[in-house]
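Trainee: One structure coming up, written as structure tokens, with questions to follow.
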Amino acid sequence: MVKNLLVTGYKSHELGIFKEKDPGVHYIKKALEKQLTALLEEGLEWVIISGQPGVEMWAGEVVVALRDKSYPELKLAVLTPFLEQEANWNEGRQEQYHSLLAQADFVESISNKTYFSPKQLAAKNGFLVEKTDGMLVLYDEDTPGTPRFYLEPASRRQEKDSSYEILYITPYDLELIYQDEQDQKGQFWE
């Protein structure tokens, strides 16, 4: 059973998404909501993210919406790799991030320093994998991107601990959600 879930995936620019109004964000959030709701029914208590732009921030927003709507017991933790990770982000992204932090149940930086080395990111990935029961990742094997830096320690952990779950949202899952919505819209107009 997964009580503490790490959620990650691509950064928004890796997906070619540069605006929050991009239709892709809607389908990614729907996929996250579907997976998280299923896990909530099985005992999920905490969702943990590092607050990176893209899938992680969208997951945080989905958690807040689920908590506000139907699952008040669900908690969100944002464990950033280092202090002021948002310092070089644009103003809109910083506002989105600070809004999410304000709604999180727990916020802490793994390193109590600002950025000084890529080792801080690797340490964050390993730490979050070790502190969770499983990971949900938006990932396409044909496009490795940054999620692979989480998948490597998660795979090593799973080799030692078969109860550690790695759950995937794939492009195929997103396509199914898209098709389902299109089918529902078509039925509405008939």
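The values are calculated or read from the model by the stated rules, or taken from the named source; none is laboratory data. Since the structure is predicted, the reported quantities are computational estimates derived from the model, not experimental observations. Neighbour counts run over all protein chains shown; Cβ positions are idealised from the backbone, glycine included. Calculation scope for accessible area: heavy atoms of the full protein, side chains included, ligands and nucleic acids excluded. Shrake-Rupley method; radii C 1.70, N 1.55, O 1.52, S 1.80 Å.
Trainee: Do we have any residue at all in the range 94-104 that's modelled with pLDDT under 95, surrounded by fewer than 17 Cβ atoms within 10 Å (Cβ to Cβ) and over 23 Å from Y172 (Cα atoms)? Working first, answer last.
Mentor: Of the residues in the range 94-104, the ones modelled with pLDDT under 95 are none.
Checked against the condition, which is being modelled with pLDDT under 95, surrounded by fewer than 17 Cβ atoms within 10 Å (Cβ to Cβ) and over 23 Å from Y172 (Cα atoms), the range 94-104 yields no hits at all.
Trainee: Can you name the residue in the range 17-30 that is within 14 Å of the chain's Cα centre (by Cα) and basic (K, R) and, of all such residues, is most open to solvent (accessible area, probe 1.4 Å)?
Mentor: K30
Trainee: Just one of (1) over 15 Å from the mean Cα position of the chain (by Cα); (2) under 20 Å from K75 (Cα atoms) trips up P144, so point out which.
Mentor: Checking P144 against (1) over 15 Å from the mean Cα position of the chain (by Cα); (2) under 20 Å from K75 (Cα atoms), the one that fails is (2).
Trainee: Name the residues in the range 1-31 that are in contact with a strand residue (DSSP E or B) (Cβ under 7 Å, 6 or more places away or on another chain), assigned to a helix (DSSP H, G or I) and not β-branched (V, I, T), would you?
Mentor: Listed by number, the list holds a single entry, A31.
Trainee: While we're looking at this one, here's another question. In this structure, is A77 surrounded by 19 or more Cβ atoms within 10 Å (Cβ to Cβ) and farther than 25 Å from S163 by Cα?
Mentor: Considered against the rule, which asks whether it is surrounded by 19 or more Cβ atoms within 10 Å (Cβ to Cβ) and farther than 25 Å from S163 by Cα, A77 comes out as no.
Trainee: Within the range 44-74, how many residues turn out to be open to solvent by 40 Å² or more (accessible area, probe 1.4 Å) and part of a loop (DSSP other than H, G, I, E, B)?
Mentor: Residues flagged as open to solvent by 40 Å² or more (accessible area, probe 1.4 Å) and part of a loop (DSSP other than H, G, I, E, B) within the range 44-74 amount to 4.
Trainee: Quick one: which residue in E14, E33, E86, E41 is open to solvent by 10 Å² or more (accessible area, probe 1.4 Å) and within 19 Å of F149 (Cα to Cα)? Quick ask: steps written out before the conclusion?
Mentor: Details: E33 fails: within 19 Å of F149 (Cα to Cα); E86 fails: within 19 Å of F149 (Cα to Cα); E41 fails: within 19 Å of F149 (Cα to Cα).
Only one candidate qualifies: E14.
Trainee: Next question. What are the residue pairs meeting all of these: first residue in the range 79-97, first residue under 24 Å from L6 (Cβ atoms), second residue at pLDDT 95 or above and of a type in the set (F, W, Y), Cβ atoms under 6 Å, and 6 or more apart or on different chains?
Mentor: Listed by first residue and then by second, the contacts come to F82/Y115; E86/Y97.
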